[in-house]
Amino acid sequence: MLNTVSEIPDKTRSQFRVTGEIPVPVLINWLTLVAAPILTFFAWRSFDQGDPFTSVWLTAFAVLFASNALLYVLVGNETLHRRSFISVSTVLFTYIAVHAVEDGSAIIWLFAYPPVVFYISEARVGVATCLIGIVGIVLLFSPLADQFLDLPYSTNFRVTMVVALAFEMITCYILDQSRRRSKLGLLALASEFEFAAKHDALTGLANRREALAQLESEYERYLRNGRQFAVLLADIDLFKSINDTYGHHVGDDLIVLVGKTLLDQCRKVDTTARWGGEEYLVLLPETAADEAMHLANRIREAIAENTVMVGHKPVACTASIGVASISGSESIDKLLQRADEALYRAKSLGRDRVCAHQDEALAPLSQPS
């Protein structure tokens, strides 16, 4: 099981989103859409009550929130968008608390800060900002601050405010951790499902469906730029007799062993798949027929050298391999058919050998039209 969100593959994180989860940029913009009119309203109230200084500051904060949203629309930088929103919010709440806006009652807006900052930022950022915030409130309500500021907050209000805000911060942290763990579990589960959908359960190789998808992708690339590719079809020789002699569990062990051998011998850019039963397909991008033949022979030799132990007795197997490279504008089905015919020829000629389709030697490979 994956332990952190960072261990989830990037591709999986981009393909799967937890149902009902609001994307951070969308949430920030919605909050901005609500906050800007509210700030404008209280700016008007302050001006109407003869406090133009507070009115100007609240209007400025409304403009900053709106500008941040507009900048995101223009630039699309999510990190800047998030950090700017947190910074403006922090300065706003600090101003509200220190200047006792709305006769001090506006300080209750601080309770909106913890859930927002935990949701839109990483957990450590939420913890750090909340710790700084609670320390700041304690200092603001301390006797030391009273020597410099004339605040309207009573002692009972100060105690209740600090305790309630600390309780909310702790609660938000616990709930945020629960949310993050649930999200991590869903992402890990999605990653496992994606892997299972594309890979063979016994060998861990790509399954037939994934192999066909990779073939289609490589074929499209070939049609665009003419980059040649080849396929190998490999089949374990006399596999039924192995199962009959040693049992199906030994047959499974050999299937796994051949799959591992294919992975060891092939390049990282190659696609190695279990095609069905004891048959395998290898897709070789940007590989000509002679290169494919050379690799196929190397694979055949490696398979013959490996064994599985049955008691104290080593059991080996051999494989026959058919090779075909893309030619002209033929279809994928035609290419696979030629590889299958080459495999059948290798079986007919005595097994444990590599054969290319007869057409490979008869006509030069041409570019797609």
Cα centroid of the stretch 45-59 to Cα centroid of the stretch 155-224, whole Å: 46 Å
Alpha carbon centroid spacing (whole Å) that separates the stretch 313-361 from the stretch 293-308: 14 Å
The chain - mean residue ellipticity at 222 nm from DSSP helices (-39,500 (n - 2.57) per run, n ≥ 4, rounded to 500): -21000 deg cm²/dmol
Length added when fully stretched, Val310-Leu131, from 0.36 nm per residue minus Cα-Cα: 58.1 nm
Difference of contour (0.36 nm per residue) and Cα-Cα distance, Leu33 to Asp264: 77.5 nm
Interatomic Cα distance distribution for the chain, bins of 20 angstrom, percent: 22, 31, 21, 20, 6, 0
Residues Arg221, Arg267 arranged by fewest to most Cβ contacts within 10 Å: Arg267, Arg221
Summed residue charge, Cβ within 14 Å of Arg224's Cβ, Lys/Arg positive, Asp/Glu negative: -2
Principal-axis tilt of helix 289-305 within the chain, Cα atoms, nearest 10 degrees: 90 degrees
Pairwise Cα inverse-distance average, inverted: Kirkwood Rh of the stretch 208-361 (Å): 15.7 Å
Positive minus negative residues near Arg124 (Lys, Arg vs Asp, Glu; Cβ under 12 Å): -1
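Every number here is computed from the coordinates shown, using simple stated rules; none is lab data. These numbers come from a predicted model, not from an experiment. All Cβ positions, even for glycine, are placed from backbone atoms using ideal geometry, and neighbour counts span all protein chains on display.
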